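Inspection log for the structure reproduced underneath, given as structure tokens.
The values are calculated or read from the model by the stated rules, or taken from the named source; none is laboratory data. Note that the structure is a prediction, hence the values are computed from the model and not measured. Ideal geometry is used to build each Cβ from the backbone, glycine not excepted, and the neighbour counts take in all protein chains shown. We work out accessible area using only protein heavy atoms, side chains counted, and drop any ligands, DNA or RNA first. Shrake-Rupley method; radii C 1.70, N 1.55, O 1.52, S 1.80 Å.
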Amino acid sequence: MRTTTGWQSRGDGSTVLERVEIGRRELRDDDIAVRVDFCGVCHSDLHRIRGALGEGVVVPGHEFTGTVTEAGPGVTGLAPGDRVAVGTVVDSCGACPMCRAGQENFCFEGPVTTYGGRDRTDGSPTLGGYSREYVLRESFAYALPGTLDPAAAAPLMCAGITMWEPLRSAGVGPGSRVAVAGLGGLGHLGVKLAAALGAEVTVLSRTPDKAGDARRLGAAELLVTTDDRRTEQARGRFDLVLDTVAAPHDLSPLLRMTAMEGTLSVLGYPLETSVRIMDLVQGRKNLSSSGTGGRRHTAELLAFCAEHGITADVETLPSARVADALDRLGRGDVRYRFVLDMSDLDEPRS
Ligand code: ZN
């Protein structure tokens with residue numbers, strides 16, 4: 001066992017994390033060790049820290065970029081010094097239909113999540129990227145294109161891929177009409193990616209506050225969803241609606257704006273939401289969802305982002321300020337993603 005330093009939740013719902021020494025496994029044949037440089041702060045981290053899913057103590061973090069420091073003898077594609085990005089999945093069975101389809105994120109045996117999961121070999125709990133070092137199989141790390149800023153690229157690995165898979169699945173391209181409901185960590189990347197794919201993008205929001213941001217990110221307009229006249233005009237308009245709203249909400253208005261045979265993809269995981277089947281009947285509409293992505297699509301996303309110069313809009317903080325980031329994220333006070341700079345973990349505890 002080797003050790004590194006990380007930020008661990010207390011298991012009591014507090015967003016004040018403790019700086020602790022954590023163990024990392026010695027490298028297996030196909031493992032790499034990564035110095036974690038930047039780790040994004042995802043809404044799901046906040047849920048887990050607050051104990052919404054009842055899992056107790058965690059070292060969060062599942063969208064990070066870093067630098068390879070060591071490679072096992074069987075590693076072929078990466079070498080010390082390479083910049084890499086790591087997302088929400090660090091292993092899978094590799095043999096089930098989902099894995100064979102390149103959707104390791106849906107592995108029938110359960111993907112090994114970057115934190116809060118269990119290693120397939122020794123059963124040890126996985127500890128996330130709010131730490132200075134991570135050890136994982138080479139095949140679940142992705143070469144980070146050199147043109148992408150490593151801090152701003154970190155959120156591509158969870159928020160970005162969560163937007164990318166439904167966009168690709170719906171075949172979005174030039175001429176597509178895409179709506180993005182909710183302009184946060186997920187939504188702002190949804191706008192950038194859809195616009196770069198050539199779609200006409202509309203942001204759906206309850207207030208006009210972010211109209212300027214929506215346009216700057218690549219949207220044609222922001223539609224205020226409390227304006228009944230405007231929403232009525234948008235009836236049947238969108239080929240794809242990316243719904244990133246996390247709070248329970250009525251899906252009917254969004255399905256009304258979805259085109260015939262179009263898709264509403266619910267991506268903010270509002271767990272208590274219900275759907276009226278008649279909203280699907282009228283126009284043969286599709287209701288879908290998605291969650292992060294498999295290896296093939298993740299590599300594709302990074303290549304696309306390098307080609308189009310896409311990264312997240314981030315506010316980078318020293319990792320010691322993780323509680324500030326979590327509290328502000330909880331209040332929605334972020335444009336549009338916090339990223340922790342882990343280099344302060346090299347310094348002695350202050
Ligand atoms: Zn996430």
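Treating the beta-carbon of each Lys and Arg as +1 and of each Asp and Glu as -1, no other charges, what is the dipole magnitude of region 160-289 about its Cα centre, to the nearest 20 debye? All intermediate terms of the calculation are to be shown ahead of the outcome.
On the way: 15 positive and 14 negative charges, 45 e Å.
Magnitude of the dipole: close to 220 debye.
Taking amide H positions as placed 1.01 Å from N in the peptide plane, with prolines and chain starts having none, which residues 5 or more places from Thr292, or on another chain, fall under 5 Å of its amide H?
Counting only residues 5 or more places away or on other chains, the set is Thr162.
I'd like the distance between the alpha-carbon centres of region 146-203 and region 18-44, rounded to an integer number of Å.
Taking the Cα centre of region 18-44 as reference, the centre of region 146-203 is 27 Å away.
Quickly rank 333-339, 143-149, 120-126 as a protection proxy: mean count of other C-beta atoms within 10 Å, highest first.
Working: 333-339: 21.1, 143-149: 15.6, 120-126: 12.4.
My ranking of the peptides, most packed first, is 333-339, 143-149, 120-126.
Rounded to the nearest 5, what % of DSSP beta bridges with both residues in the chain are antiparallel?
Working: 34 of 61 bridges.
Among the beta bridges of the chain, antiparallel pairing accounts for roughly 55 percent.
I need the helices of the chain that pass two filters: whole DSSP H segments spanning 15 Å or more by Cα along the axis, and mean Kyte-Doolittle score no lower than 1.0.
Values: long enough: 159-169 (16 Å, -0.04); 185-196 (17 Å, 1.06); 295-308 (20 Å, -0.34).
Qualifying helices: 185-196.
Run the simple label-point estimate for Ala95 and Ala306 please: 7 Å along Cα→C-beta, distance reported in nm.
Distance between the two pseudo-spin positions: 3.3 nm.
Cα-based Rg of region 160-289 per 2.2 N^0.38 Å, rounded to two decimals? Present the calculation step by step, with values, prior to reporting the outcome.
Values: Rg = 13.0 Å, N = 130, 2.2 N^0.38 = 14.0 Å.
Here the Cα radius of gyration is 0.93 times the empirical estimate.
Can you pull the percent of Cα pairs in region 213-281 with separation above 19 Å? Show your work: numbers first, answer last.
Numbers: 849 of 2346 pairs.
Considering region 213-281, 36 percent of its Cα-Cα pairs are separated by more than 19 Å.
As I understand it, the dipole of the chain uses +1 on the Cβ of Lys and Arg and -1 on the Cβ of Asp and Glu, about the Cα centre. Which of Thr147, Ser44, Tyr134 lies farthest toward its positive end?
Ser44
What is the magnitude of the charge dipole of the chain about its Cα centre, with +1 placed on the Cβ of each Lys and Arg, -1 on the Cβ of each Asp and Glu, and no other charges, expressed in debye to the nearest 20? Walk me through the numbers on the way to the answer.
On the way: 38 positive and 46 negative charges, 172 e Å.
Dipole magnitude for the chain comes out near 820 debye.
For Pro270, what charge total do you get from the other residues with a beta carbon under 13 Å from its beta carbon, if Lys and Arg give +1 and Asp and Glu give -1?
-3
Given axes a ≥ b ≥ c from the Cα gyration tensor, I'd like to know whether region 144-189 is rounded (a/c under 1.5), prolate (a/b larger than b/c) or oblate.
Details: a/c = 2.32, a/b = 1.60, b/c = 1.46.
Verdict is prolate for region 144-189.
Expressed in nm to one decimal, what extension gain is obtained for the pair Val16 and Ser288 from 0.36 nm per residue of sequence separation less their Cα-Cα distance?
Details: separation 272, 0.36 × 272 = 97.92 nm, distance 3.55 nm.
Result: 94.4 nm gained on full extension.
Let me check against my output: what whole-number percent is the relative contact order of region 141-206, with C-alpha pairs under 8 Å and at least 6 apart?
Working: 70 pairs, mean separation 21.7, N = 66.
RCO, region 141-206: 33 percent.
Tell me, in nm to one decimal, what length is gained between Arg276 and Arg328 on full extension, where the rule is 0.36 nm per residue of separation less the Cα-Cα distance?
Details: separation 52, 0.36 × 52 = 18.72 nm, distance 3.45 nm.
Gain on stretching Arg276 to Arg328: 15.3 nm.
In vacuo Debye scattering of the chain, one point per C-alpha: log10 I(q)/I(0) at q = 0.07, 0.12 Å⁻¹?
The Debye formula, applied to the Cα set alone, gives -0.29, -0.84.
Report the antiparallel proportion of the DSSP beta bridges in region 160-289 as a percent, rounded to a multiple of 5. Walk me through the numbers on the way to the answer.
Values: 0 of 22 bridges.
Around 0 percent of the beta bridges assigned by DSSP in region 160-289 are antiparallel ones.
Under a Cβ-only charge scheme (Lys and Arg +1, Asp and Glu -1), can you give me the dipole magnitude of region 22-148 about the Cα centre, in debye to the nearest 20? Kindly include the intermediate steps, with their values, before the conclusion.
Details: 12 positive and 17 negative charges, 55 e Å.
Its charge dipole is roughly 260 debye.
Summing +1 for each Lys or Arg and -1 for each Asp or Glu, what net charge is found among the other residues whose Cβ lies under 15 Å from the Cβ of Ser92? Mind dumping the intermediate values first?
Working: positive: Arg100, Arg118, Arg120, Arg137, Arg295, Arg296; negative: Asp30, Asp91, Glu104, Glu109, Asp119, Glu138.
For residues surrounding Ser92, the net value is 0.
For the chain, what is the accessible area per residue in Å² when the probe is 1.4 Å?
On a per-residue basis, the chain sits at 42 Å².
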